[in-house]
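The values are calculated or read from the model by the stated rules, or taken from the named source; none is laboratory data. Bear in mind the structure is a predicted one, so any value in this text is a computation, not a measurement. Neighbour counts run over all protein chains shown; Cβ positions are idealised from the backbone, glycine included. Areas reflect the complete protein model, heavy atoms only, side chains present, ligands, DNA and RNA absent. Shrake-Rupley method; radii C 1.70, N 1.55, O 1.52, S 1.80 Å.
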Amino acid sequence: MLPSRKRLVLEQLGKTLSRFAGIQAVSPPARGWIRAIREALGMSGVQFAARLGVTPPRVTALERDELSGAVTMKTMRQAAEVLDCVFLYALVPRTSLEETIRRQAEAVARERLLRVSHTMMLESQQLSEEEMKQALDAAVEELVRTMPKDLWSKAP
């Protein structure tokens, strides 16, 4: 993907994800969404099982699986439908996609600069602290601008 296309996709996705910014503060109910909504509707486990087309013990297992994270998205969609809800699934960045990219670019640039700096030190040509900061800033900006394929090859 060309950098301009990457940038456009990044901006569009960022706008979409910004609508979910407040959702990070929402914690699921202690007993899970399915059970909380089912009980709020006044629907028994037996009634829910009948509407879902499963046995009552399966409802117990389903609610337990939701809490443990073992439930499938397909099952969550089916349960949501029976409860007249919409099942939403999203990956919501902790900050922004741009900030995540910048953090990774800084880690990569810092690592590269440290290697070069070590070589320069051995040759008695090391940069001042200000020159190092300028070089790091320039390298980060270049990585953010070009988003090379190897940007994510190493963990920060």
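Mind checking which pairs have a first residue in the range 40-66 that is under 13 Å from ALA79 (Cα atoms) and a second that is open to solvent by 40 Å² or more (accessible area, probe 1.4 Å) and in a loop (DSSP other than H, G, I, E, B), Cβ under 7 Å, 6 or more apart or different chains?
Cβ pairs passing all conditions: ALA49/THR55.
Could you tell me how many of the residues in the range 13-43 are out of contact with any helix residue (DSSP H, G or I) (no Cβ under 9 Å at 6 or more places or on another chain) and modelled with pLDDT under 95?
The total comes to 12.
Report, by residue number, each residue of the range 64-85 that is at positive phi and within 20 Å of the chain's Cα centre (by Cα).
Let us first name the residues in the range 64-85 that are at positive phi, namely 69, 84.
If the condition is that a residue be at positive phi and within 20 Å of the chain's Cα centre (by Cα), then GLY69 is the only one that fits.
So, in the range 2-60, of the ones that are among the aromatic types (Phe, Trp, Tyr) and farther than 30 Å from PRO148 by Cα, which residue ends up surrounded by the most Cβ atoms within 10 Å (Cβ to Cβ)?
The qualifying residue surrounded by the most Cβ atoms within 10 Å (Cβ to Cβ) is PHE48.
Going through VAL82, VAL71, VAL86, VAL144 one at a time, which residue ends up being modelled with pLDDT of 90 or more, within 26 Å of GLY22 (Cα to Cα) and surrounded by 14 or more Cβ atoms within 10 Å (Cβ to Cβ)?
VAL71
Quick one: how many residues across the range 44-64 are closer than 15 Å to PRO28 by Cα and out of contact with any helix residue (DSSP H, G or I) (no Cβ under 8 Å at 6 or more places or on another chain)?
Of the residues in that region, 1 qualify.
With respect to the numbered conditions (1) in contact (Cβ under 8 Å) with a residue 60 or more places away in the chain; (2) over 30 Å from LYS149 (Cβ atoms), which one is the sole condition not fulfilled by THR75?
For THR75, the failing item is (1).
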